[in-house]
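Contents: one structure, followed by commentary.
Laboratory data are not the source of any read-out in this text; all were calculated from the coordinates shown. Computed from a prediction, not measured in an experiment: that's the story for all the values here. Neighbour counts are summed over all protein chains in view; Cβ atoms, including those assigned to glycine, are modelled from backbone coordinates with ideal geometry.
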Ligand code: HEC
Ligand code: HEC
């Protein structure tokens, strides 16, 4: 009896989640370093070009899916409405835990459930879906719509926030954002240094 019980317990412990060894293919979109634009002599023109380069990241599905214009986040590279139906007022943490969760059974369209301890939809004033790059730029640098951030704090968020950083560690079966968070931080710094002009 005791042996049988011990057997059951050890079986229970054998059922573990697979979270390490995540296979990810790099994003085919190349993100250029600020030095690639050094030859643009006019600083306002250079600034606009730097923002457009950084926007390759902002407009990627890894960022856009969480910055919807409506109440419902979107999913995957085709940005379809979130399944199951959930809206911005609901808690996300019942399904999205503090880290990416790799599925051990085949669910067809996805291989992992993304996770982070601050998983939440971006506030409506930070919505990016359906906006042009110029509109996104003006919104991102507007303290009334960017969470009250100065340009320095905006750079800090983009370059170091680990929820932003999830975009390059999005879990099994999901393509990361272009380039790296470090490179995005460099582009945003160079954009600020050249006057934070918008395309
Ligand atoms: C899980 C959802 C989620 C994902 C994924 C996500 N964001 Fe956000 N984002 C948020 C939330 C929530 C806020 C508001 C929190 C805050 O202001 O600190 C926010 C705020 C921001 C802000 C500051 C406000 C603004 O609009 O200027 C920036 C910049 C930003 N995100 C960039 C990114 C980038 C770049 C990516 C992709 C690499 C990304 N986010 C992916 C949820 C997300
Ligand atoms: C009932 C469970 C459940 C709830 C609640 C839930 N999600 Fe999800 N979510 C999932 C599953 C499962 C996936 C993976 C499916 C996929 O990526 O196609 C997912 C994927 C996502 C993705 C896709 C990431 C990407 O780049 O492809 C985003 C964004 C997302 N959820 C945001 C949210 C937000 C924000 C909330 C809270 C407002 C939330 N979810 C609440 C189950 C849920």
- For the chain, using Cα atoms only, the Rg and Dmax in Å read 20.1, 82
- Counting all Cα-Cα pairs in segment 28-125, those more than 23 Å apart amount in percent to 42
- Query: Using alpha carbons only, how many degrees (0 to 90, rounded to 10) separate the axis of helix 181-193 from the longest principal axis of the chain?
  - Reply: 20
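Taking other Cβ within 10 Å of each residue's Cβ, how do 80, 116 sort, fewest first?
Arranged by neighbour count, lowest to highest, 80, 116 become 80, 116.
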- Task: Could you line up 29, 57, 121 from fewest to most neighbouring Cβ atoms inside 10 Å?
- Result: 29, 121, 57
- Item | On Cα atoms only, tilt of 43-58 relative to the major axis of the chain in degrees | 10
